[in-house]
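Novice: Sharing a structure below in C-alpha cells format, with a few things to ask.
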Amino acid sequence: GVAYDFREIEATWGPVWEELGVFTPADDGSRERRYVLDMFPYPSGDLHMGHAEAFAMGDVVARYWNQCGYDVLHPIGWDSFGLPAENAAIKRDAHPAEWTYTNIDTQAASFKRYAISADWSRRLHTSDPEYYRWTQWLFTRFYEKGLAYRKNHPVNWCPKDQTVLANEQVVDGACERCGTAVTKKSLNQWYFKITEYADRLLDDMEALKGHWPERVLLMQKNWIGRSEGAHVDFVIEAGGGREAEKVTVFTTRPDTLHGATFFVVAADAELADQLVTDEHRADLTAYQESVKALSEIERQSTERPKTGVFTGRYAVNPLSGEKLPVWAADYVLADYGTGAIMAVPAHDQRDLDFAREFGLPVRAVVDTGEEDPAETGVATAGEGTLMNSGELDGLGKAEGIAKAIEIVEGAGTGEKTVNYRLRDWLLSRQRFWGTPIPIIHCASCGEVPVPDDQLPVRLPDNLRGEQLSPKGTSPLAAAEDWVNVACPRCGADAKRDTDTMDTFVDSSWYFLRFVSPQYTEGPFDPEAAKNWMPVGQYVGGVEHAILHLLYARFFTKVIHDLGLIEASEPFSALLNQGQVLNGGKAMSKSLGNGVDLGEQLDLFGVDAVRLTMIFASPPEDDVDWADVSPSGSAKFLARAWRLAGDVTSAPGADAATGDAGLRSITHKTVAEAGELLESGKFNVVVAKTMELVNATRKAIDSGAGPADPAVREAVEAVAVVLSLFAPYTAEDMWARLGHEPSVAKAGWPAVDPALLVDDTVVAVVQIKGKVRARLEVSPEIGEDELRELALASDAVQKILGGVEPRKVIVRAPKLVNIVPA
Ligand code: ANZ
Ligand code: ZN
C-alpha cells in the first residue's frame with residue numbers, strides 16, 4: 001500500500017489551510033466565544049524547542065475548543081522591542097528593525113510549518129508604530145491619573161547594559177538579562193505607581209486560586225509582601241551639636257518595644273547623613289564607601305558578619321523612656337519601611353547577630369520557653385508571653401501587638417500600618433529600541449504629555465550601528481532634530497523625553513490589542529474587549545510569575561478603572577508548561593546539549609515532534625528530550641494513518657449497525673479524552689488514542705473487518721482527537737476517509753451514553769445445589785471479589801444465619817457454590 005510520508009502530507013495541507021483561513025473567529029456572537037493565548041514570543045533567531053513545547057500545549061486547548069464548537073480567538077504576535085535587537089544592530093552597523101523583522105519573518109514561517117492554529121489576520125508586533133502609538137496613549141492616561149511619575153532616586157543600574165533595571169529584573173543582585181552585578185545609581189526616572197494597586201493585586205488572587213498554578217500565586221504574594229505592623233516614632237535626642245528630631249520606624253512586632261536595645265538606620269539613606277554627629281561623620285563616610293564596593297549579592301548575604309558604625313546619637317524609647325544608641329548599618333535597607341528600625345536582638349536574628357558583633361545588650365521580653373538568646377545566640381521569634389514589658393506583661397503576641405499599638409496611638413507616637421515589599425515599577429530605559437516616552441520637557445510648562453492626535457511619537461529612523469551604543473544616557477538624545485520640538489502647550493523651544501519604556505510595558509496590554517488589532521480609535525475596541533476578555537486560558541513559562549504576570553494584572557486593573565474594560569483580571573486560567581531539557585539539564589550553549597528544532601522537524605516531521613512534546617509528560621512537567629522517542633511517535637502516527645486507508649465503508653455509514661464492542665471502546669475513549677482535556681492531562685489523551693488505534697486495527701484484521709461502519713466511526717474519532725496533537729496526519733486521514741478539510745472543524749464526536757455502560761454477566765449463587773441468588777457482575781470480576789459479593793447478598797445471609805460456611809467454591813464470573821457448615 002501507500003506509505004506514510006510526513007513530508008508529502010505537510011506539503012499538501014500547509015497551503016490548503018493557508019487558503020481556508022480556518023482559525024479566524026466568526027466573532028459574530030453566533031457561538032460562545034473563548035480566548036486562548038500563548039505568551040507571545042521574542043524574535044531572537046528562529047523558534048527553539050521551548051517554543052515548540054509551549055505552543056504545542058496552547059494549540060491543544062485552541063484546537064479542542066474549536067472541536068467543541070466555540071468561537072475561538074487564538075492570536076499570535078511578537079514582543080519585538082528590546083535589547084538584543086539593539087546589540088545586534090550595533091554589532092552589524094544596522095538598524096534594530098532589520099534584525100527584528102527578519103527574525104519575525106523566520107519565526108512566522110516556522111510557526112506556520114508547526115501548524116499553530118492561529119488567526120494570522122490579527123498578527124501584531126509591539127515595535128510597529130501602529131502598536132506603540134497605543135502604548136504611548138495608555139502611558140498618557142496613566143500620567144493624567146498620577147500613575148506615571150518621575151522621581152530622583154537610587155536605582156538599579158546594569159553597568160554592562162548601561163541602563164536602569166526594575167526591581168523585578170534584578171535576580172540575586174544581578175541583571176536578569178546579562179548576569180552582571182547590579183549597582184546603585186541616583187537618577188531621575190519614570191515610575192508606574194503599581195504600589196497603589198498592591199492590595200487589589202493581592203486580594204484579587206483569591207479568584208485565581210485553582211485556576212493558576214499555586215506557586216505563581218505564592219510568588220506574587222511574596223513579591224507584593226504585605227506586612228501588617230506599626231509605625232512608631234522615636235525622638236532622637238539633641239547631641240553633638242544637633243537638634244532633637246523625630247524618626248519613625250516600621251515594626252511588625254510593636255509588642256517587643258521594651259526589648260529594643262539599640263536603633264539602626266540604613267547606612268545608605270539620607271537619614272544617616274542627617275543624623276550623624278560631626279565627630280562620627282568620617283567613620284560613616286568611610287563605612288558608606290565600603291558598602292558601595294559590595295555587590296547587592298554580598299550585601300544581602302546572611303553569611304556575612306554584620307557591619308555598621310555608631311552615629312553618636314541616642315533614640316528615646318517611647319514606651320520605656322530608655323535611651324538607645326543609634327547605629328548606621330547596611331543590613332537595614334534604605335527603601336523598605338522607613339529605612340530605620342528599633343533593634344530587638346532577643347527576638348530578631350539579624351539584630352542579635354549585630355548585637356553580638358558590637359557588644360550591645362540583649363534583653364528577652366517574650367518568654368517562649370526556649371533558652372536565653374543572649375546565651376545561645378539564637379533569637380526566639382516564636383509565640384510566647386510578654387515579660388519585662390511593664391503593662392504589656394503577661395500578654396500573648398496578638399494581644400501584645402494590639403495593646404502596644406493602642407498605647408502608642410493614644411500617646412500620638414505611632415499608628416497601626418501596612419507595609420509592602422512591592423516598589424513602584426521603574427519603567428524608563430536609556431536605550432533606543434523601545435517605545436519613546438511621550439513627554440515633552442518645557443522650561444516654563446514642565447512635563448507636557450504629547451497630545452493624543454500627535455501620537456505616535458515615532459523613533460527616529462536615522463540612527464544606526466555605533467550611534468546606538470550605550471552611553472549611560474539614551475541614544476535618542478543624539479538625534480537632535482528629533483529631540484528639539486515646540487512645547488505643545490506654549491510653543492516655546494522644548495525637548496522630548498529621550499528615554500524609552502521597559503518592554504514589559506508593551507507586553508502588559510497586548511492581549512487587549514488582539515481583540516481588535518486594526519482598531520484606530522483607541523488601543524482596542526471596547527465592544528470587542530467586552531466580548532473576548534478575559535483570556536480563558538493563558539499559556540507560558542513560570543519565569544514570568546512576577547514580572548509579566550504582575551504587570552499585566554496591574555495594567556488590566558488601571559484600564560478597568562479608566563472605564564475602558566469590564567474585566568479587572570486579564571487571565572482567568574494559567575498553564576505553566578515545563579521546560580524542554582536534554583540529558584536532565586536545560587539546553588545551553590555552554591553545555592553543548594542544545595537540540596535544534598528545525599532539525600527535529602526535518603527528521604521526524606512536525607506531528608511527531610508535537611506528539612512527543614505532548615505525550616512525554618503532563619503539560620506542566622519538564623520534557624527530557626534524551627528520554628523521548630520522536631521516531632516512536634512517528635511510527636504510531638503511521639499506524640493511525642494506515643487505518644484511514646483501510647476503511648471501506650462509505651462516509652455517513654450508520655455506525656449503529658456496527659460492532660458493539662468496538663463502538664463501546666470508541667465512545668469511551670472520546671468521553672474520557674474530553675474529561676482529560678478539560679483537566680489538562682493531555683499526555684493521557686494520547687495514551688488513550690493509542691489504545692483506540694490498537695483496538696481498531698484488531699477489529700479490521702481479525703474482527704468486524706474494514707467494511708464495518710463501527711470501524712469507520714473509530715477511525716474518524718481517531719482523526720478528530722489526533723487533530724489536536726498531529727494536525728497534518730489527522731487532516732490527511734480525514735481526506736482519505738472521504739471528507740473535505742478541515743478536520744480541525746469536524747466537531748468533537750458525540751458520545752452515546754448507552755455505549756459507556758460496562759457489560760455485565762449474571763453470576764449464579766447456589767447453596768447445596770439450589771439457586772438462591774443471581775448477581776449482576778463485571779465479566780472481569782476476580783474470584784475473591786465475587787466470593788465476598790455472594791456471601792454478602794441478602795438471600796445467602798438469611799440462609800446461613802451468620803454461621804461461617806464449610807466451603808465456598810467460586811468459578812468467576814458465573815458461579816458460586818456454597819456448602820454450609
Ligand atoms: C522590631 C522587631 C522585633 C522586628 C522582632 C522583627 C522581630 P517584614 O515582616 O519583612 O515586613 N525592618 C523594618 N524595616 C526594615 C528595613 N528597612 N531593613 C531591614 N529590616 C527592617 O519585616 C519587618 C521587620 O523587619 C520589622 O519588625 C523590623 O524589625 C525589620 F522580634 O521590628 B522588626
Ligand atoms: Zn511650554
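Novice: How long is the gain from Ala795 to Arg458 if the chain were fully straight, where each residue apart is worth 0.36 nm and the alpha carbon distance is subtracted?
Specialist: Numbers: separation 337, 0.36 × 337 = 121.32 nm, distance 8.85 nm.
Extra length from Ala795 to Arg458 when fully extended: 112.5 nm.
Novice: Can you list residues whose amide H is under 5 Å from Asp71's amide H, if they're 5+ apart or on another chain and H is modeled 1.01 Å from N?
Specialist: Answer set, sorted by chain and number: Glu32, Arg33, Arg34.
Novice: Amide H to amide H, which residues 5 or more places from Leu395 or on other chains are under 5 Å from it, using H placed in the peptide plane?
Specialist: Hits under the 5 Å cutoff: Leu386.
Novice: Let me ask something additional. With θ set to phi - 60° and the Karplus curve 6.51 cos²θ - 1.76 cosθ + 1.60, what are the ³J(HN,Hα) couplings of the range 301-317 in order, to the nearest whole Hz, using x for Gly and Pro?
Specialist: Karplus values, whole Hz, x for Gly and Pro: 5, 7, 6, 5, x, 5, 10, x, 9, 7, 8, x, 10, 10, 9, 9, 5.
Novice: OK, next. For Arg431, what residues show an amide H to amide H distance below 5 Å, using hydrogens built from the backbone and excluding near sequence neighbours?
Specialist: Thr500
Novice: Using just the helices of the chain, give the 222 nm mean residue ellipticity in deg cm²/dmol: DSSP H runs with n ≥ 4 each add -39,500 (n - 2.57), and the total is spread over all residues, rounded to 500.
Specialist: After summing the helix terms and dividing by residue count, I get -11000 deg cm²/dmol.
Novice: Counting other Cβ atoms within 10 Å, keep those with at most 16, restrict to DSSP loop, and tell me which chymotrypsin sites (Phe, Trp or Tyr not before Pro) in the range 274-371 are left.
Specialist: Answer in residue order: Tyr336.
Novice: Angle check, please: helix 214-224 long axis (alpha carbons) against the longest principal axis of the chain (alpha carbons), in degrees 0 to 90, nearest 10.
Specialist: 10
Novice: Based on the mean of other Cβ atoms within 10 Å per residue, sort peptides 809-817, 610-618, 40-48 so the most packed one is first.
Specialist: 610-618, 40-48, 809-817
Novice: A follow-up question, please. Measuring from a point 7 Å past the Cα of Glu8 along Cα-to-C-beta, which residues in the range 598-638 have an amide N at less than 18 Å?
Specialist: Output list for this probe position: 603-608, 634-638.
Novice: What is the angle, in °, between the Cα long axis of helix 397-411 and the longest principal axis of the Cα atoms in the chain? Nearest 10 is fine, range 0 to 90.
Specialist: 40
Novice: For Asp105, Asp784, Asp424, what's the largest-to-smallest order of accessible area, 1.4 Å probe? Don't skip to the answer; put the middle values down first.
Specialist: Numbers: Asp105 95, Asp784 115, Asp424 30 Å².
Correct descending sequence by accessible area is Asp784, Asp105, Asp424.
Novice: Would you work out if the chain is rounded, prolate or oblate? Take a ≥ b ≥ c from the square roots of the eigenvalues of the alpha-carbon gyration tensor; rounded if a/c is under 1.5, else prolate when a/b is larger than b/c, oblate otherwise.
Specialist: Values: a/c = 2.70, a/b = 1.45, b/c = 1.86.
It comes out oblate by the Cα gyration axes.
Novice: Please compute the net charge surrounding Gly77, taking Lys and Arg as +1 and Asp and Glu as -1 over other residues with Cβ under 15 Å from its Cβ. Walk me through the intermediate numbers first.
Specialist: Details: positive: Lys112, Arg122, Arg123, Arg513; negative: Asp38, Asp79, Asp105, Asp119, Asp128, Glu130, Asp506.
Its environment carries a net charge of -3.
Novice: Is there a pair in Lys635/Lys668; Lys770/Lys807; Lys193/Lys292 whose C-alpha atoms are over 19 Å apart, and which pairs would that be?
Specialist: Where the Cα-Cα span goes over 19 Å, the pairs concerned are Lys635/Lys668; Lys193/Lys292.
Novice: Okay, moving on. How large a share of the accessible area of the chain, in percent, is made up of carbon and sulfur atoms when the probe is 1.4 Å and the other protein chains stay in place? List each step's numbers first, then the result.
Specialist: Numbers: 17230 of 35150 Å².
Carbon and sulfur atoms account for 49 percent of the accessible area of the chain.
Novice: Using the crude model of +1 on Lys and Arg Cβ and -1 on Asp and Glu Cβ, and no other charge, please compute the dipole size for the range 259-353 relative to its Cα centre, in debye to 20.
Specialist: That gives a dipole near 200 debye.
Novice: Between Gln288 and Ser590, what is 0.36 nm times their sequence separation minus the Cα-Cα distance? Round to one decimal in nm.
Specialist: Extra length from Gln288 to Ser590 when fully extended: 104.9 nm.
Novice: Which FRET efficiency value, to the nearest 0.05, is calculated for Ala402 and Leu756 with the Förster distance at 56 angstrom and r the Cβ-Cβ distance?
Specialist: 0.40
Novice: When a/c reaches 1.5 or more, the comparison of a/b and b/c decides; with that in mind, is the range 594-685 rounded, prolate or oblate per its Cα gyration tensor?
Specialist: Since a/c reaches 1.5 but b/c is at least a/b, the shape of the range 594-685 is classed as oblate.
Novice: Mind pulling the angle between the C-alpha long axis of helix 83-92 and the longest principal axis of the chain? Nearest 10 degrees, somewhere in 0 to 90.
Specialist: For helix 83-92, the angle is close to 80 degrees.
Novice: Related question: Could you provide, to the nearest whole Å², the per residue accessible area of the chain with probe 1.4 Å? Walk me through the intermediate numbers first.
Specialist: Values: 35150 Å² over 821 residues.
Result: 43 Å² per residue.
Novice: How much solvent-accessible surface does Glu243 expose, in Å² to the nearest 10, with a 1.4 Å probe and all protein chains in place?
Specialist: Glu243 exposes around 150 Å² with every protein chain in place.
Novice: While we're on this one: By how many nm would the segment from Ser444 to Leu603 grow when fully extended, if each residue of separation counts as 0.36 nm and the alpha-carbon distance is taken off?
Specialist: So the chain would gain 50.6 nm between Ser444 and Leu603.
Novice: Arrange the residues Leu271, Leu724, Leu591 by how much accessible surface each exposes, largest first, with a 1.4 angstrom probe.
Specialist: Leu591, Leu271, Leu724
Novice: Starting from the 7 Å offset along Cα-to-Cβ, what nm value, one decimal, do you get for the label separation of Lys160 and Thr180?
Specialist: Taking the two extended label points, one gets 0.8 nm.
Novice: On to the next question. Looking at the square roots a ≥ b ≥ c of the eigenvalues of the Cα gyration tensor of the range 162-221, which shape do they give, rounded for a/c under 1.5, prolate if a/b is larger than b/c, or oblate?
Specialist: Values: a/c = 4.01, a/b = 1.74, b/c = 2.31.
Oblate.
Novice: Between Asp93 and Asn484, what's the calculated FRET efficiency when r is the beta-carbon distance and R0 is 30 Å? Round to 0.05.
Specialist: 0.70
Novice: Exactly which trypsin sites (Lys or Arg not before Pro) in the range 367-444 are in a DSSP loop and have at most 12 other Cβ atoms within 10 Å?
Specialist: none
Novice: Give me the accessible area of Thr669, 1.4 Å probe, in Å² rounded to the nearest 10.
Specialist: Taking all protein chains as shown, Thr669 has close to 10 Å².
The values are calculated or read from the model by the stated rules, or taken from the named source; none is laboratory data. None of the values given here were measured: they were computed from a predicted structure. FYI the Cβ positions are ideal-geometry reconstructions off the backbone, even for glycines, and counts take in every protein chain you see. The area values use the complete protein model at the heavy-atom level, side chains included, leaving out ligands, DNA and RNA. Shrake-Rupley method; radii C 1.70, N 1.55, O 1.52, S 1.80 Å.
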